[in-house]
Structures are given as C-alpha cells and as structure tokens.
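First comes the structure, then the notes that go with it.
The values are calculated or read from the model by the stated rules, or taken from the named source; none is laboratory data. Given the structure is predicted, the values throughout are model-derived calculations rather than measurements. When we count neighbours, we look across all protein chains shown, and the Cβ atoms used for this are built from the backbone with ideal geometry, even at glycine.
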Amino acid sequence: MLFSGKITNSFLVYLDKHGVDSEKLFELTDLPTEFLREPSCWIPAQDVEKFVASMDREFGSIFHDNLPKLVGHECHELRSWGVLDSVIKMMQKPQDLFLQPHRFLSYFVSPAPPVGNVVREEEAISFDLPISIKNFHL
C-alpha cells in the first residue's frame with residue numbers, strides 16, 4: 001500500500017508555516033526531501049507512518065496537541081495538495097468532494113481502499129474502511 005506525498009507535504013508546510021526549522025525535519029527521516037515535498041509522488045505506507053509518528057513525537061508537544069489532527073484540520077488552508085488544491089478551488093461546493101469518498105481517498109491511498117457503510121448527513125459523511133491495520137501500520 002502506498003500513501004501520497006500530499007500527506008508528508010502537508011506536515012512540512014504546516015511546520016514551515018509555524019516556524020519549525022526545516023533542517024531538523026529532514027534529520028528525522030531517511031526519506032529523500034524531494035519525495036516528502038512532492039504531492040504527486042507515492043511513498044510506501046510504512047514509511048509515511050514512521051514519518052508522521054516521528055513528526056508527532058518531535059514537534060507535537062510544541063503545539064500542545066496531536067500534530068496529525070492539527071495538520072488535518074488545517075489542510076484546507078495549507079495548499080499542500082498540489083493539483084488537487086486547484087481542483088477543489090474550481091468546485092462550486094468543496095463538500096461535493098465527499099460525495100464519492102472512494103474517489104477522494106484514491107488521492108491519498110493507492111490502491112484506493114474499499115469504502116463501506118456510507119452515511120450521508122446534511123453536514124457530515126461517515127464511512128467504514130474495511131482494511132486491516134496490518135496493511136499499513138508500523
């Protein structure tokens with residue numbers, strides 16, 4: 001399973017935005033900088049998991065919160081998703097992106113995971129990802 005560079009780039013953009021020294025970031029991983037900053041590249045899931053865990057360990061306490069949660073909540077402002085940012089800007093309602101959760105996830109996970117039990121509400125969507133954590137967790 002592969003994860004998109006959109007994920008790693010989002011962490012780097014977030015930390016850059018908050019004044020964290022980039023050099024220190026790259027000392028925490030063996031992944032090439034050009035992969036980490038390239039939203040269109042695909043990186044083995046285990047490597048992205050390790051990267052996210054090391055970022056959270058090293059910098060989470062600076063923000064007094066769960067760093068992955070903070071990055072996720074700010075993604076719409078970070079403009080770290082490359083071409084996908086432009087696609088979202090062209091949509092009449094960005095919420096339309098969630099009408100097809102399988103397609104949305106395919107921008108971040110390859111191969112796209114199966115989506116089940118989709119529940120759409122006026123202000124939310126929820127769904128299950130029936131995949132084993134063994135497929136991508138550390």
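Quick check on my filter: what residues within region 62-102 are at pLDDT below 90 and of a type in the set (Ser, Thr, Tyr)?
86, the sole residue that qualifies.
Which ones in region 56-77 are surrounded by fewer than 16 Cβ atoms within 10 Å (Cβ to Cβ), farther than 13 Å from residue 9 by Cα and either in contact (Cβ under 8 Å) with a residue 24 or more places away in the chain or aliphatic (A, V, I, L, M) (or both)?
Of everything in region 56-77, just one residue is surrounded by fewer than 16 Cβ atoms within 10 Å (Cβ to Cβ), farther than 13 Å from residue 9 by Cα and either in contact (Cβ under 8 Å) with a residue 24 or more places away in the chain or aliphatic (A, V, I, L, M) (or both), namely 62.
Tell me, which helices (runs of 4 or more DSSP H) lie completely within region 1-85 with 3 or more residues that are under 11 Å from the mean Cα position of the chain (by Cα)?
5-17, 45-59, 67-78
Residues of region 61-104 being of a type in the set (D, E, K, R), on the phi > 0 side of the Ramachandran plot and out of contact with any Asp or Glu (no Cβ under 9 Å at 6 or more places or on another chain), which ones?
None; the set is empty.
Does residue 113 qualify as being touching a helix residue (DSSP H, G or I) at 6+ places or on another chain (Cβ under 7 Å) and part of a loop (DSSP other than H, G, I, E, B)?
Yes.
Residues in region 78-104 that are within 20 Å of residue 13 (Cβ to Cβ) and among the hydrophobic types (A, V, I, L, M, F, W, C): how many?
So the count comes out to 8.
Does any residue in region 19-46 that is over 12 Å from residue 8 (Cα atoms) come within less than 8 Å, Cβ to Cβ, of a residue that is among the hydroxyl-bearing types (Ser, Thr, Tyr) six or more places away or on a different chain, and which pairs are these?
Every condition considered, the pairs that remain are 28/54.
Go through (1) over 23 Å from residue 109 (Cα atoms); (2) surrounded by 15 or more Cβ atoms within 10 Å (Cβ to Cβ) and name the single condition residue 27 misses.
Residue 27 satisfies all of (1) over 23 Å from residue 109 (Cα atoms); (2) surrounded by 15 or more Cβ atoms within 10 Å (Cβ to Cβ) except (2).
Could you please find all residues in region 30-52 being of a type in the set (Gly, Ala, Ser) and surrounded by 15 or more Cβ atoms within 10 Å (Cβ to Cβ)?
Of everything in region 30-52, just one residue is of a type in the set (Gly, Ala, Ser) and surrounded by 15 or more Cβ atoms within 10 Å (Cβ to Cβ), namely 45.
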